[in-house]
Amino acid sequence: MADEPLDAAAAAAEAETPSTAAAAAAASPALLLRPRRVAFEHGLLPIPKLVFPEGTLTQTLAQTKERLIAAAGGDGDASAAPRVGAAALAEALQIPRELAALVLGTLAAVLPAEEEAEDADLRDVLLFLYIQSYKRLVPRAHKDSPAVTDVWPSTSAFDGYLSALSPIQLVRSNSRRFMPSQADEEAHQLSYLQKHMVNILSLLADSVDGEGNESMILTAETFEHLGFLLQFSEGTPLSQVATFFANSDPDMPAAPVPAAQVHDWILQNIAASLENTAEKLTAKENSQQSASDPDVTMAEAVTNSRIHSSSPTGTAVPNNQGHYRNTTFLEGFSKTSVVKQASDIKGHSIKVLNCHDSVIYILAPVKYATVYGCSDTTIVLGAVGKVVKVEHCERVQIIAASKRICIANCRECIFYLGVNHQPLIVGDNHKLQVAPFNTYYPQLGEHLVQVGVDSNINKWDQPFVLGVVDPHDSLSHPAGVSDVQAESATCLDPDLFTNFLIPSWFEAQGPTKYNPFTLPEVYWASQRKKHVSLEDIQKNIRELELDDTRKKELASALHAQFKDWLYASGNIRQLYCLQGE
């Protein structure tokens, strides 16, 4: 379900007659306040020292704020906007320097700003630290709206059961039908912000002489930082809708307003948004529309998107492609090959969900990518400017060029990476392997430049491993495993490394003629060794003096061995893709 477009005539409503303006307002869809989902989906770190008890959360962060201002040489006024570096953050939170750098890097990846920096504005740091105590919506066996339930769910009875399951068994178990939809999660995030907004504003506000609500004020600049957590439909910034800071003189800065006024305005907009979501969900339930995620509009066909299937003739292959606001979805593909180019992507994010035994090509520049619940699948992510997150996957091969990647709760997966920052490995992982990036397509170089990925920097072999337990998700693991050592990833044996060939289905032209990431020498040596061996075999076969019958027997044996390797290695579907050119 895409956001409703802004009404271009709304700005001129005051110039119209009352009746005309009223009619236009009635016909215009209302702007609804939305959470910035990327902050919650890609900005939560499983670092226990960042998660504070609810009763002491505000007080602890207020003390952290004072320490950070003092470290920056400030006077206690947040509006002075000191910048926070890794050293100051490490000292204030009493965490290692490398963890502080990870915090700031993760924050930079989920900020609305395009450019990233090694330090961050104090106000953004406070907002980031506050939401570290957010807990994700848990599966529920009833239809209660998350808007009216507690946004701090307790440890679930599912814990002991689900923790014994593999990643794929977890997401495909009977509890899968109770998993929250996109709208459920968004409503839960809004409910969390609704509950905690008064504390959030108290952290950002400045104290002035006055009584009661008038003693805490918010400047226009500080108000803009709330855009880290909230925005209106179609990504509209808060300041374009709020009227607090309107000033008749553009040369004069807008006067601060009471924090209580901002609080009331935000709560009114959150309530309106939650009510709108509840009404739409109720309407869909009444119309008996059944889908795994009723808020995703599934398109019957997508222009310029090509799907190759190896299914038997007459077997229907689902084309579960759609978009939800600014996210493109590929969900539920099985025994299929799918390609998406830039013209097929809606918004700046893509999610590949619950795909099996398939090959997925995302040959497009995006900011965020999520791969969830997939098995026995190869997924190519061409250029991701912010973060790739791979979660609850088994036996997948991920080929990704990205600034960052986070791997959580995966088993027997191989990651071919061109990544500018250390791969982050969190949760309960087993038998993971990493390798250098191994493919290209004609527009890859252009897409990397477009999203800001530097092909001269590749930290694929420097994984950063965090603990097993995720404090944001009570379903991940049972109690009592906090002392378990998290498993890292091993480097793929160079002798097993192969280049991955992307079919040129659309005969696209572009400047990229080879892998833009430099291959380490040990992998280059292995490739050269294989090439020499292949040439020797070809030469020996050509020099064999065989009659026609023996030549046919040799060819048949080679084909049989090759076919067995294709099936054993999982490359058979890649061959189908190449045959479809």
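Could you please give the count of residues in the stretch 390-422 that are of a type in the set (Lys, Arg) and closer than 18 Å to Gly452 by Cα?
Going through the stretch 390-422 one residue at a time, the tally reaches 2.
Yes or no: Pro312 farther than 25 Å from His196 by Cβ, loosely packed, with under 15 Cβ neighbours inside 10 Å and modelled with pLDDT under 80?
yes
Could you tell me whether the stretch 404-415 includes any residue that is of a type in the set (Phe, Trp, Tyr), in contact with a strand residue (DSSP E or B) (Cβ under 8 Å, 6 or more places away or on another chain) and over 23 Å from Ser334 (Cβ atoms)?
no
List pairs: first residue in the stretch 96-114 and more than 12 Å from Val125 (Cα to Cα), second residue part of a helix (DSSP H, G or I) and open to solvent by 50 Å² or more (accessible area, probe 1.4 Å) anywhere in the structure, Cβ distance under 7 angstrom, at least six positions apart or on different chains.
Final answer for the pair search is Arg97/Ala87.
So that you can scan it fast, the table gives a plain yes or no per residue for (1) at pLDDT below 90; (2) open to solvent by 60 Å² or more (accessible area, probe 1.4 Å); (3) of a type in the set (A, V, I, L, M, F, W, C):
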{"position": "Asp3", "(1), (2), (3)": "yes, no, no"}
{"position": "Asp7", "(1), (2), (3)": "yes, no, no"}
{"position": "Ala13", "(1), (2), (3)": "yes, no, yes"}
{"position": "Phe40", "(1), (2), (3)": "no, no, yes"}
{"position": "Leu61", "(1), (2), (3)": "no, no, yes"}
{"position": "Glu66", "(1), (2), (3)": "no, yes, no"}
{"position": "Gly74", "(1), (2), (3)": "yes, no, no"}
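Going by the structure shown, is Ala401 modelled with pLDDT of 95 or more and closer than 21 Å to Asp376 by Cα?
Taking the combined requirement at face value, the residue satisfies it.
The values are calculated or read from the model by the stated rules, or taken from the named source; none is laboratory data. Just so you know, these numbers come straight off a predicted model, no measurement behind them. With ideal geometry, Cβ positions are generated from the backbone for all residues, glycine too; neighbour counts draw on all protein chains shown. Calculation scope for accessible area: heavy atoms of the full protein, side chains included, ligands and nucleic acids excluded. Shrake-Rupley method; radii C 1.70, N 1.55, O 1.52, S 1.80 Å.
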